[in-house]
1. Sequence-distant or interchain residues sharing an amide H contact under 5 Å with Gly90, placed H: which?
2. Which loop-located trypsin sites (Lys or Arg not before Pro) does segment 125-234 contain, where loop means any DSSP state but H, G, I, E or B and the Cβ has at most 13 other Cβ atoms within 10 Å?
3. What number, in nm² with one decimal, is the all-direction average of the projected area of the convex hull of the alpha-carbon atoms of segment 65-208?
4. Through the Karplus equation 6.51 cos²θ - 1.76 cosθ + 1.60, θ set to phi - 60°, convert the phi angles of segment 119-128 into ³J(HN,Hα) values in whole Hz; use x for Gly and Pro.
5. From Cα pairs below 8 angstrom and at least 6 apart in sequence, can you work out the relative contact order of segment 60-254, rounded to a whole percent?
6. At 0.36 nm per residue, minus the direct Cα-Cα distance, what do Ala112 and Arg158 gain on full extension? Give it in nm, one decimal, please.
7. May I have the convex hull volume per residue, in Å³, for the Cα set of segment 158-226?
8. Once Lys and Arg get +1 and Asp and Glu get -1 on their Cβ, which of Leu202, Phe189, Leu140 lies farthest toward the positive end of the dipole of segment 60-254?
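Read the figures in this text as sums done on the coordinates, not as results from a lab. Quick caveat, the model's predicted, so the values are computed rather than measured. Neighbour counts are summed over all protein chains in view; Cβ atoms, including those assigned to glycine, are modelled from backbone coordinates with ideal geometry.
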Amino acid sequence: MPFSLFLALKYLKPKRSFISVVTTISVIGVALGVAILVIVLSVMNGFDNMWRSKILSFKPHLTVTGRYGAEIENEEKLCVGIEKIPWVKGVAPCVQTIALMRRSGEESGAMAPIVLGIDPARAGSVSQVPRRIAVGEFDLDGDKVVVGVDIAMQMQLRIGDKVLIYSPMNVASEDEFYLPEELEVTGIFNMGMRDYDGNFVLTSLEVGRELVGLEQGCHAVYVMTDDPFRFEEYTDRLGIELGPEYLVRNWSTIDSVLFGAIKFEKTMMFLLLIFITIVAIFCVTNTIIVITVQKTGEIGLLKALGFSRLQITSAFVWYGWIQCIVGTGCGMGLGLLILENLKGIVDFLRSCNLPVFPKSIYGLDEIPWEISRGTLVSIAVFVIVFCTLSAILPARRAAKLNPAEALRHE
């Protein structure tokens, strides 16, 4: 064992002294800082990935529309042509509009959801909604509709109830009046995200056309691919395949504001937490300063016996390193332990009537988290590097002590 490591371990040996207390506090401070970093960054990664998953389970990977907002008239021919592309896994024409909806036979309780008219036979190839039906079944044939669970709860809808959906054309057209569509609720879906469960209803493409005054065609064609994360490549390839008559957009472009906000929040959160961890790391510096003051006589004696500055410096750097490594290990263990039991912790707090992560605010029904090896490695490297830097200055100060001066003060 190198002498510098031996000396560092000797100083770290537990004793009933002020130094032991300060060292313990330093390790706890580093551990708490690392644990907070692990928990928060894992939750932010979870938010990012869960939102991607939720969005991609409801929305298509690519959306094809006419240039300048024009309707697509030959939607069936277009769908058949896109389906022939090898990396395309699903295609469906759709009509989307905002409409007023209320329960049949009631004058109050109206809502204005987004009505998505889609081909019932193709819907399962471009959306997870048919596989997320909580009550009833996914049946859009004829005058039928499926609604989100939040809409069903707010309007007190059950399977078999009738709803009236009023065409937005009544506002756009002054000379014509469109009668409301009376639709039967056949299913209630639960996507686990407020933006979809509380804002969308799905019906057939024919009903959607009637609501917006179309005799044929559609507003857009939804496309699912074999890899949603190759969206840039597939967007360009499909755009070239279809020509300038159509506009192709991907899920990242359509929801760029959301993902941009998540990325910005993650970066800002990381920077803020870094400062908290740096404060904890400086506790290690304080510990080394205290021990160099208390061990001045020993340092002077070692130098008088011929030990070099490098050996003295290395001893105190080892002293700081060991504290940081132990603190980092304990912090990661604590952070992972809390993450593994996060759902139980949240459920316990909710049982105590403490509002934790309400879906009405955050839009999700649970706190998402995902551990990334890259994140853990980055945290460990950051903490060790800063610990090294924080230990070098007081260690060099100790190594520069004059042996005769140090022994005279002793």
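1. Correct list: Met224.
2. Values: sites: Arg131, Arg132, Lys144, Arg158, Lys162, Arg194, Arg209, Arg230; in loops: Arg132, Arg158.
Hits after loop and neighbour filter: Arg158.
3. Values: hull surface 39.3 nm².
Averaging across all directions leaves 9.8 nm² for the Cα convex hull.
4. 5, x, 6, 9, 4, x, 7, 10, 8, 8
5. Values: 427 pairs, mean separation 69.8, N = 195.
About 36 percent, as a whole number.
6. Details: separation 46, 0.36 × 46 = 16.56 nm, distance 1.84 nm.
Taking Ala112 through Arg158 to full extension adds about 14.7 nm, to one decimal.
7. Numbers: hull volume 9.3 nm³, N = 69.
Per residue, the Cα convex hull of segment 158-226 comes to 134 Å³.
8. Phe189
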